[in-house]
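The values are calculated or read from the model by the stated rules, or taken from the named source; none is laboratory data. Keep in mind it's a predicted model, so treat the numbers as computed, not measured. Cβ placement follows ideal geometry from the backbone for every residue including glycine, while neighbour counts extend to all protein chains displayed. The accessibility values were calculated without ligands, DNA or RNA, using every heavy atom of the protein model including side chains. Shrake-Rupley method; radii C 1.70, N 1.55, O 1.52, S 1.80 Å.
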Amino acid sequence: AVQGPMVTNKPSPVANMNVTIRAQAGASLHILCPVPQAAPVRMPYGFAANSITLESGDIYSNTTFCIADKNVDIRGGSLTIEANHPLAESSYYDAQDGIYSRVGNVNISGGTVSIDVGRNAIFVPGDAAQNEEQAVKITGGNVTLKAGHANNSQNCIGIAAKNIVIDTDGKVDIYGRDTALAIWKENGRAELIKAGTGFSLTQAETSPYD
């Protein structure tokens, strides 16, 4: 099956819409698709957009939440992604990322984010980037990331981006089967300034990284 978005304004991967999610108290949005049980299948994902902002409301997804060209901003509400599905065989492309932004940034400044996926929890590959910062910044909220399926033979990383900043009083708990944080491009850096009670960065004992 061909992977594609559930919500967009143009055929993937070209999308120029900017999405803002704002909801009344108690409102929710579920992004659901059938989970393959046998042969590997590329599952569809939620949004293809230029940028996405979550201000309020509760979002649940059982597949990749978005593939954005630029910013993904989470300011409030909650985002839960449960996409660590069984794979029929060792497969990279059939596992799911959580949040994917081509050049970033991914900014989490509030709300609750819980991601459990078979590939990378938050991924900013920086493909065709020019002067973009290509960063993941956690400056608020409570963030729990779990990345990695035992049957996935390639990258399983909590956060992969050129630049990573953690500067928050909230809880940050990041697990990557291969590594929790990965500086994805040359001349990038990670800044771990502060984090609240329960801060944790862990990886599997079988990680290829020391």
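Roll a 1.4 Å probe over the protein chains and send me the accessible area per residue for the chain in Å².
Normalised by residue count, the accessible surface of the chain is 46 Å².
Near Val172, within a Cβ-to-Cβ distance under 15 Å, what is the net charge of the other residues, with Lys and Arg +1 and Asp and Glu -1? Result for the neighbourhood of Val172: 0. Take every pair of alpha-carbon atoms less than 8 Å apart whose residues are at least six positions apart; their mean separation over the length of the chain yields a relative contact order of 14 percent.
Site pair Glu82 and Leu29 shows an inter-label distance of 2.0 nm when each label is modelled 7 Å from Cα along Cα→Cβ.
How many percent of the accessible area of the chain is carbon or sulfur, using a 1.4 Å probe? Display every interim value, and only then the final one.
Details: 4520 of 9740 Å².
Carbon plus sulfur share of accessible area: 46 percent.
For segment 113-210, lysine pairs with C-alpha atoms less than 19 angstrom apart, excluding pairs fewer than eight positions apart on the same chain, total 8. Assuming charge only on the beta carbon of Lys and Arg (+1) and of Asp and Glu (-1), the dipole of the chain about its Cα centre is about 340 debye to the nearest 20.
Remark: the Ala190-Gln130 segment gains 19.6 nm on full extension, using 0.36 nm per residue and subtracting the alpha carbon distance.
Just to be sure I follow the definition: excluding the sites themselves, where is the longest run in the chain that has none of the GluC sites (Glu not before Pro) in a DSSP loop with at most 16 other Cβ atoms within 10 Å?
Working: sites that count: Glu55, Glu89, Glu186, Glu205.
My reading of the result: 90-185 is the longest stretch.
By how many nm would the segment from Thr197 to Thr139 grow when fully extended, if each residue of separation counts as 0.36 nm and the alpha-carbon distance is taken off? Walk me through the intermediate numbers first.
Working: separation 58, 0.36 × 58 = 20.88 nm, distance 1.43 nm.
Net length gain for the segment: 19.4 nm.
Note on the chain: GNM, Cα springs under 10 Å; of Ala95, Ala129, Ala182, the largest mean-square fluctuation is that of Ala129.
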